[in-house]
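Derivation of every value follows stated rules applied to the coordinates shown; laboratory data play no part. Please read all numbers here as calculations on a predicted model, not as lab measurements. No Cβ is skipped: glycine too gets one built from the backbone with ideal geometry, and neighbour counts run over all protein chains shown.
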Amino acid sequence: MTKLSYYIAWAGFLICAFLVWYFSNKGRQEERKILIDKGVDVESIFRKSDKRRQLWLLKLGIVVIGLGLAFVLIAVLDRLNLMHPDALFPGIFCVCIGLSLIIAHQVGKKGNED
């Protein structure tokens, strides 16, 4: 029964992710149609939003890399038997995620200057 609930949860997550993607793209297309009808230069507006979207994905990638480095560091320290206190696990996660968020913020500040 546990496997069934696991698969149902994943299916629900994937369905929700697809619906978010579908409705956001549909909304973006409708917005573009309305702006074209009003005679607004659509390319300059959406070029800026495409840069913001790429920057968001870059920031997300940096955070995921920070999380991955936390897992690798914990695995290496555990393999070397250097991980005795249980408080060290959340500490390593907090430090790695915090550093990756700081780096992502700095990248975002540099990206907004363009």
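Stretched out straight at 0.36 nm per residue, the stretch from Tyr22 to Leu69 would grow longer than its current Cα-Cα span by 13.7 nm.
Extent along the principal axes, Cα only, for region 1-40: 57, 8, 5 Å, with the longest axis given first. Going from the residue with the fewest nearby Cβ atoms within 10 Å to the one with the most, Asp78, Asp41 rank Asp41, Asp78.
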